[in-house]
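The values are calculated or read from the model by the stated rules, or taken from the named source; none is laboratory data. None of the values given here were measured: they were computed from a predicted structure. So basically every Cβ, Gly included, is an ideal-geometry build from the backbone, and we count neighbours across all protein chains shown. The accessibility values were calculated without ligands, DNA or RNA, using every heavy atom of the protein model including side chains. Shrake-Rupley method; radii C 1.70, N 1.55, O 1.52, S 1.80 Å.
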Amino acid sequence: MKHLNKIASAFCAAALGMLALTSCEGGELYKVNAPDWVAAKVDSIAEANKPEELVGMMDDYYTVGATDYSNGFWSAFSKYYVIPDGTKWNAEVNVYPNPDNVYYKNVALIVTNDADRGATNYSEYGAYRYDATGDSIKWNSQWGKLWFKYTTSTLGLSPDADSKDPNAQKLAGKMTLTVDRSKEGEFIIRMDNGSVVKTYNQPYELGSGENIRCFLVVDGSYLQFLTTNIEPIGGCTSKEDKQPVSMVLNNVPSEIQQGIELEEAMKGVTATVTYEQDVVAEIEAGDLVFNSIPDIADPGKKTLVVMYAKTTNGAAAVKPIMASAEFEVVPSADKMTSLVVKTAPKRTNYYYYNSAAVSDVKDRTFVFDREGLELTATYEGGYTSSYNLDSLEYGTVKAQAGTQAVTLKAKNGKTVTVNVTVSESALKLHKMAEKDLGTEDCATGWWSVFTNDVKVPAGETYQVDFTNYGNTINNWSNFVVILRNSKLAESAVVRADYFGWGAGYDGNPDLRVGDVSILPPAEPADENAAWWSKWRESMNGAKVSLYITNLNNGTADVQAVMKGSDGTTYKLYYLNIKAVEPDDMNFSFTVDGSYLVF
């Protein structure tokens, strides 16, 4: 293909040169005698890259995800679009990738059967994200039954979330999405914003004879839906100017310092405004009107009253909408005279477990659990108020048995201490109710089978022993552990290959993942690839001892010792996973091209 492109480029350059040298009019110049195969190739390339003319498009104007990029994966969804066999779905959306330039924070298409999320018969064919990386075999820009080998993309991004590839912004803009079931023996997905084209061309049908559903999700990003040629479930949302109906205030500070202007204090406030037809948008502080009752001149509790008076197109609204929130005005920190504990934290007994997986971990610390903690600050003149816990600097809690005094330090240097007791966790060897999970041929798709949830009481560690089998093709095709509560709200999903995600994983500064002493070298690439290849082979038939600890401080640890089929022992740990409910912490296993025997 490289050589064909060079030939085509030379051919076009020659044609342009002849245009510059002649004064002839008309189109005779384009009949230059060139080899028929070159001209045909040029024509076919031009035809393939020609944007499809969209017909039958309807306005479907709404936003998916918060415009402050705060929605994590699987937390904001588009409408459902049902695509019968033999038809084609076209849609247009404006994509807003996260400005932090992490490769996966854009938009993903989810392809499912014709059922609602959460329904007992709901199942997924797979997910197809707009980004693509240099090594699609290792990185998860698509998953499920949508295979990498059928994907092409005009843009390769860095698959390292820490490297921040600025080319990720090339995914921004108006993107045309096509899901094509109209051709017999094919299934096609195309994402095209005029700059980046990603295409999936499967040489066999998907869900032959059955309806499929598609919807879009974001991940630290958002999108503006624009048009569709298939009416979604619930109907389209017109683009006509819409009146505001209600709003919810975000980021209202719990307290502000005395003497600051109200507009300055509230400059970080945004409002989630709902308009007619359920159109939702995030509004910045500059478009909001703020007032305080009573005035903020004196310390004390206040009511913030906020007004918004614009339509979706920015015109004056027929009727303004209002919302309110409570905050407090407090004297400046340098006027604080004392800081004391009013109410102790709900939990002050922490637990740890040290398996062989963490034998090399140094300076291990816990997260201080401040749930239930209340502090009282006293200021000059005798004014007292609850102190904002977000303004504190927290001392560390060491993972060693005994009572420890944790120092909490205010901005003005005032300190207070809280005692916590750390103990070694009790260990329980747990036998899973299931004999195995997945199929022996390692063909079970992602998120399709699960073990029953197992509850881990606060302060205990459960050990589960099993044999892991993987397809040796993908790093992620091994065991996967899910931490969640009884209502299936996930704290984290963690894999055997030192990778995870979730509310207690993403953006967690206290999370420690390893064992870094055995992870592969980053460079050179061939050594990296060789290490992972050996690891995948070794994990096929690996004997695994997994340890899950409920630390009783709102966090959990997952540790594993994995003895590979080649005799190599690998260590794995995820320490200080947050967003855990100590009284309702459960774990479950799932697989992805893997098979577990308990």
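Judged by the mean number of other Cβ atoms found within 10 Å, the most tightly packed of the peptides 254-260, 202-208, 459-465, 169-175 leads the ranking 459-465, 169-175, 254-260, 202-208.
Per-residue extension of 0.36 nm, minus the Cα-Cα distance of Leu427 and Thr337, leaves a gain of 27.8 nm for this segment. With R₀ set to 51 Å, the beta-carbon distance separating Thr568 from Asp116 gives a calculated FRET efficiency near 0.70. Taking only the Cα atoms of the range 476-598, the radius of gyration and Dmax are 14.8, 46 Å.
Farthest toward the positive end of the dipole of the chain, out of Ser423, Asn313, Phe368, is the Cα of Ser423, where the dipole comes from beta carbon charges about the Cα centre. Across the chain, Cα pairs under 8 Å and at least six residues apart give a relative contact order of 12 percent. In loop segments of the range 81-157 as defined by DSSP, the chymotrypsin sites (Phe, Trp or Tyr not before Pro) with at most 13 further C-beta atoms inside 10 Å of their C-beta are Tyr122, Trp147. Rounded to whole numbers, the Karplus 3J(HN,Hα) couplings from phi for the range 567-582 are x, 6, 9, 10, 10, 9, 8, 10, 10, 6, 5, 8, 6, 9, 8, x Hz, using 6.51 cos²θ - 1.76 cosθ + 1.60 with θ = phi - 60°, and x at Gly and Pro. Measuring r between the beta carbons of Ala356 and Glu210 and using R0 = 60 Å, the FRET efficiency lands at 0.75.
The range 239-268 and the range 161-212 have Cα centres lying 38 Å from one another. Element breakdown for the chain at a 1.4 angstrom probe: carbon and sulfur atoms account for 51% of the accessible area. Each residue of the range 318-330 is assigned a 3J(HN,Hα), and the resulting list reads 5, 9, x, 10, 9, 8, 9, 7, 9, 8, 10, 9, 10 Hz, derived from the Karplus form 6.51 cos²θ - 1.76 cosθ + 1.60 (θ = phi - 60°), x at Gly and Pro. Accessible area of Asp68 (1.4 Å probe, protein heavy atoms only, ligands and nucleic acids ignored): about 70 Å². Here is how the number arises for the chain: DSSP H runs of 4 or more residues each give -39500 (n - 2.57), the sum is divided by the residue count, and the result at 222 nm is -3000 deg cm²/dmol. Were the residues from Lys301 through Lys267 laid out at 0.36 nm apart, the gain over their Cα-Cα distance would be 10.3 nm. Positive contributions from Lys and Arg (+1) and negative ones from Asp and Glu (-1), summed over other residues with Cβ under 12 Å from the Cβ of Arg129, come out at 0.
The angle between the Cα long axis of helix 36-49 and the longest principal axis of the Cα atoms of the chain comes to about 30 degrees, rounded to the nearest 10. Taking every protein chain into account, the accessible area of the range 65-138 amounts to 36 square angstrom per residue (probe 1.4 Å).
Under the simplified labelling scheme, the Lys487-Leu54 pair shows an inter-label distance of 3.8 nm, with each label point 7 Å from Cα along Cα→Cβ. What is the angle, in °, between the Cα long axis of helix 2-21 and the longest principal axis of the Cα atoms in the chain? Nearest 10 is fine, range 0 to 90. Taking the Cα atoms of the chain, the angle to 2-21 is about 60 degrees. Rolled with a 1.4 Å probe across the full set of protein chains, the surface gives Lys455 an accessible area near 110 Å².
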